[in-house]
Protein chains: 2
Amino acid sequence: MPIGIFDSGVGGLTVVKAVRAAYPKADIVYLGDSARVPYGTKSPATVSNYSHACLNFLLSKNIDLAMIACNTATAFGLKSLQATSPVPVIGAIRPGAISAAITTRTGKVGVIGTNGTIRSGAYAEAIAQVDSTIQVYSTACPLFVPLAEEGWTDGEVPLLAAKRYLEPLLENEIDTLVLGCTHYPLLSQTILEASKQLGCELSLCDSATAMATAAGEFSPADGEGKLDLYVTDDSGIDAMVKRFLGEECKATLVDIHTTSKP
Amino acid sequence: MPIGIFDSGVGGLTVVKAVRAAYPKADIVYLGDSARVPYGTKSPATVSNYSHACLNFLLSKNIDLAMIACNTATAFGLKSLQATSPVPVIGAIRPGAISAAITTRTGKVGVIGTNGTIRSGAYAEAIAQVDSTIQVYSTACPLFVPLAEEGWTDGEVPLLAAKRYLEPLLENEIDTLVLGCTHYPLLSQTILEASKQLGCELSLCDSATAMATAAGEFSPADGEGKLDLYVTDDSGIDAMVKRFLGEECKATLVDIHTTSKP
């Protein structure tokens with residue numbers, strides 16, 4: 001039975017890429033809720049409602065493991081999804097938190113993410129569960145998602161934006177930075193370059209890689225290595241799929257929510 | 001009876017501001033569909049569905065004039081909203097197009113907007129209806145919306161982004177630039193500065209001012225000058241209302257669409 005993975009849009013394809021690299025024979029059903037992207041700017045109630053709709057769609061595809069490839073949806077929806085889901089649900093936050101706790105040597109960890117993820121405090125909580133002596137500093141970087149979706153992942157604009165966001169964070173002498181949003185791995189090089197220009201050498205932890213590791217706990221079943229991609233809006237989707245997945249893959253348009261039509 | 005104005009989010013408050021300046025005694029009901037913002041990256045079908053839901057909500061408030069304070073919703077939804085609405089519907093595009101046609105001296109006009117608005121070709125069509133000899137050059141500036149919402153409206157990052165977007169457009173020797181998105185007036189100074197640094201003196205036409213002018217055709221009724229603000233998601237909304245409206249105003253949370261709940 002396939003692994004179901006969902007995200008607000010295409011950012012979660014960085015997780016699909018990592019899961020496929022780790023378990024090339026696993027079948028995957030992916031849903032990007034691109035009609036309502038982004039989640040990171042929206043309220044807990046809205047994000048939780050949307051997340052339930054996404055999981056319900058994936059369950060209709062007979063998955064035996066669900067992965068929330070969206071940090072905001074994890075922050076606001078994981079507990080309630082786990083409480084109602086008939087299959088295990090892996091969130092995006094705990095795996096990255098564990099990875100950061102293992103990586104840091106100074107005991108000072110930075111976390112960047114969307115407004116929603118940062119405001120939720122979910123990373124600080126998850127890191128404290130692993131090691132309560134670790135100090136966590138966090139900041140929201142709302143422009144990183146649109147920069148990654150626009151494909152402006154290197155050059156002056158993202159570099160300056162990264163320096164502006166990271167400068168106050170780096171004053172806390174962190175040695176490890178959690179990329180707490182599945183879009184951010186596309187900006188890794190720029191984030192490292194910005195940190196270097198600000199005088200810091202950072203280790204980056206991204207939730208995509210950590211989630212693929214966490215999936216191992218559930219022994220993903222061998223299948224045909226199929227990837228079925230569904231989206232709720234198809235505008236400009238092919239180019240974005242290629243950018244985030246690293247290869248072409250045709251997406252199927254689905255309506256997972258009823259709108260008030262005229 | 002009040003004027004109803006809607007947008008995907010808070011950007012349309014630049015229109016509210018212009019309408020209130022022009023008709024201080026008119027009552028206004030505003031709906032920002034912040035649970036599904038932005039519209040500018042989404043497909044015609046999705047945007048048209050969302051727009052109908054917004055108009056239906058405003059009609060339930062007994063408005064006698066509807067204004068679409070969103071260029072993308074106008075590009076994809078105006079005709080179908082006008083066909084079904086019992087009250088007149090003013091879109092965001094025609095007023096700005098007329099204003100640009102009147103302003104240009106060289107007959108070369110630039111248009112910037114979201115991906116959806118630019119791809120639709122609606123401005124080129126509307127300008128041609130006024131004066132078919134005018135040449136229209138357009139480019140999408142997808143990062144301008146998140147920059148305005150983040151409050152990064154001046155400084156290096158928006159200036160560099162503006163130069164990157166505008167440089168190819170300015171090679172066409174335009175003398176007039178339409179700000180074809182209700183978020184963009186917040187970036188006016190940066191857009192003018194970027195153009196100047198690229199060697200151009202531009203006249204800017206924004207749809208907010210032009211739409212307020214167009215509303216005059218329907219003689220807005222005197223009321224108490226009330227503004228009722230509704231949003232579909234309230235995350236971070238107070239700060240954004242202040243940024244776009246220029247003053248504080250409490251928003252009421254409403255659910256205008258059913259989601260597939262668990």
Working only within the stretch A:94-115, note down all residues that are touching a helix residue (DSSP H, G or I) at 6+ places or on another chain (Cβ under 6 Å) and open to solvent by 10 Å² or more (accessible area, probe 1.4 Å). A:94, A:95, A:98, A:99, A:101, A:114
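Looking only at the stretch B:129-138, count every residue that is out of contact with any Lys or Arg (no Cβ under 9 Å at 6 or more places or on another chain) and buried (at least 16 other Cβ atoms within 10 Å of the Cβ) and tell me the total.
If we filter the stretch B:129-138 for residues that are out of contact with any Lys or Arg (no Cβ under 9 Å at 6 or more places or on another chain), which is where we start, we get B:131-133, B:138.
Checking which are buried (at least 16 other Cβ atoms within 10 Å of the Cβ) leaves us with B:138.
Of the residues in that region, 1 qualify.
If I filter the stretch A:103-114 for residues that are small (Gly, Ala, Ser), more than 13 Å from every other protein chain (Cβ to nearest Cβ) and farther than 21 Å from residue A:13 by Cβ, do I get at least one hit? Full working, then the answer.
Our first condition is that a residue be small (Gly, Ala, Ser); within the stretch A:103-114, this holds for A:107, A:110, A:113.
Cutting the leftovers down to more than 13 Å from every other protein chain (Cβ to nearest Cβ) gives us A:107, A:110, A:113.
Going one step further and asking which of them are farther than 21 Å from residue A:13 by Cβ, we end up with A:107, A:110.
Taking every residue of the stretch A:103-114 in turn, at least one turns out to be small (Gly, Ala, Ser), more than 13 Å from every other protein chain (Cβ to nearest Cβ) and farther than 21 Å from residue A:13 by Cβ.
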So, restricting to helices (runs of 4 or more DSSP H) that lie completely within the stretch B:1-101, which ones have at least 3 residues that are within 14 Å of another protein chain (Cβ to nearest Cβ)? B:44-59, B:71-84
Which of the numbered conditions does residue B:196 fail, given that it passes all the others? Conditions: (1) under 22 Å from the mean Cα position of the chain (by Cα); (2) at pLDDT 95 or above; (3) not hydrophobic (A, V, I, L, M, F, W, C). (1)
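Residue check: is residue A:255 closer than 20 Å to residue A:150 by Cβ and within 14 Å of another protein chain (Cβ to nearest Cβ)? It would help to see each step written out before you state the result.
Values: closer than 20 Å to residue A:150 by Cβ: no; within 14 Å of another protein chain (Cβ to nearest Cβ): yes.
The answer is no for residue A:255.
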Going through B:159, B:143, B:147 one at a time, which residue ends up being in contact with an Asp or Glu (Cβ under 8 Å, 6 or more places away or on another chain), facing chain A (nearest Cβ under 10 Å) and open to solvent by less than 30 Å² (accessible area, probe 1.4 Å)? B:143
Single match in B:77, B:32, B:9, B:4 (criterion: modelled with pLDDT under 95, out of contact with any Lys or Arg (no Cβ under 6 Å at 6 or more places or on another chain) and buried (at least 20 other Cβ atoms within 10 Å of the Cβ)): B:9
Take the stretch B:119-160 and flag every residue that is farther than 28 Å from residue B:235 by Cβ and of a type in the set (Val, Ile, Thr). B:127, B:130, B:133, B:134, B:136, B:139
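The values are calculated or read from the model by the stated rules, or taken from the named source; none is laboratory data. Since the structure is predicted, the reported quantities are computational estimates derived from the model, not experimental observations. In this analysis, Cβ positions are derived from the backbone assuming ideal geometry, glycine residues included, and neighbour counts consider all displayed protein chains. Please note that ligands, DNA and RNA were not included when accessible areas were found on the heavy atoms of the full protein model with its side chains. Shrake-Rupley method; radii C 1.70, N 1.55, O 1.52, S 1.80 Å.
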